[in-house]
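**Student:** Before I ask anything, let me first share the structure, which is written out below as structure tokens.
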Amino acid sequence: EEISGKLRVKEPKSGNGRRVDLPQFVVDALKDHRATMLAEGTIKSPVFCAPEGGWLRKGNVRRRAWLTLLTAAGVPVIRFPDLRHSSATLLLSAGENVKVISERLGHANIKITLDTYAHVLPTMQKAAADRMQKLLG
């Protein structure tokens, strides 16, 4: 969190948001990144740090990395925090259990998740009907 130019580590809103299992490709990428940092002798306390060490500033990450990556990938520009919503939408669309998604997001209950991502549910209804057809038809 950055307030008046000062950076600090802020606790998550809820205890539920402290740990999230990552896909193996992400774990592998983080291990590769750490190995590179160790080889360069640039290991600092944050996983990703500024060239001089220390914390990255949100504005710099957005301008110098995030927007550049999105443009290079040819995808629509979204805010960095929107990745959280994209993740939840993708998981719901893939049929992941709502309780699991709710826990990943750190929501206090699944009602918050369902209310927030209700726009995904209509396509899930068709998928459920198709599964029932396959099971019983």
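**Student:** Starting from the stretch 107-129, keep only residues that are more than 27 Å from Arg19 (Cβ to Cβ) and of a type outside the set (Lys, Arg), then list their pairs with residues that are assigned to a helix (DSSP H, G or I) and modelled with pLDDT of 80 or more whose Cβ atoms are within a distance under 7 Å, requiring at least 6 positions of separation or different chains.
**Tutor:** Here the result reads Thr123/Ser93, each pair linking the stretch 107-129 to a residue that is assigned to a helix (DSSP H, G or I) and modelled with pLDDT of 80 or more.
**Student:** Oh, and also: Looking at the stretch 51-92 only, could you name the residues that are surrounded by 14 or more Cβ atoms within 10 Å (Cβ to Cβ) and not charged (D, E, K, R)?
**Tutor:** Trp55, Leu56, Val61, Trp66, Leu70, His85, Ser87, Ala88, Thr89, Leu91, Leu92
**Student:** Do we have any residue at all in the stretch 17-24 that's within 15 Å of the chain's Cα centre (by Cα), assigned to a helix (DSSP H, G or I) and either under 30 Å from Ala128 (Cβ atoms) or not β-branched (Val, Ile, Thr) (or both)? Steps first, answer last, please.
**Tutor:** Kept after step one, since they are within 15 Å of the chain's Cα centre (by Cα), are these residues of the stretch 17-24: 17-24.
Adding the requirement that they be assigned to a helix (DSSP H, G or I) leaves 17, 24.
Those left that are additionally either under 30 Å from Ala128 (Cβ atoms) or not β-branched (Val, Ile, Thr) (or both): 17, 24.
Yes, some residue in the stretch 17-24 is within 15 Å of the chain's Cα centre (by Cα), assigned to a helix (DSSP H, G or I) and either under 30 Å from Ala128 (Cβ atoms) or not β-branched (Val, Ile, Thr) (or both).
**Student:** Residues of the stretch 90-134 being among the basic types (Lys, Arg) and within 15 Å of the chain's Cα centre (by Cα), which ones? Write out each step before concluding.
**Tutor:** Quick first cut of the stretch 90-134, residues among the basic types (Lys, Arg) only: 99, 104, 111, 126, 131, 134.
Scanning the stretch 90-134 gives a single hit, Arg104.
**Student:** Take Leu38 and tell me if it is open to solvent by 70 Å² or more (accessible area, probe 1.4 Å), under 18 Å from the mean Cα position of the chain (by Cα) and of a type in the set (A, V, I, L, M, F, W, C). Reasoning before the result, please.
**Tutor:** Details: open to solvent by 70 Å² or more (accessible area, probe 1.4 Å): yes; under 18 Å from the mean Cα position of the chain (by Cα): no; of a type in the set (A, V, I, L, M, F, W, C): yes.
It is false that Leu38 is open to solvent by 70 Å² or more (accessible area, probe 1.4 Å), under 18 Å from the mean Cα position of the chain (by Cα) and of a type in the set (A, V, I, L, M, F, W, C).
The values are calculated or read from the model by the stated rules, or taken from the named source; none is laboratory data. In this text, all values refer to a predicted model and were calculated from it rather than measured experimentally. Backbone-built Cβ (ideal geometry, glycine too); neighbour counts: all protein chains shown. Heads up: the accessible areas ignore ligands, DNA and RNA and are worked out on the full protein's heavy atoms, side chains in. Shrake-Rupley method; radii C 1.70, N 1.55, O 1.52, S 1.80 Å.
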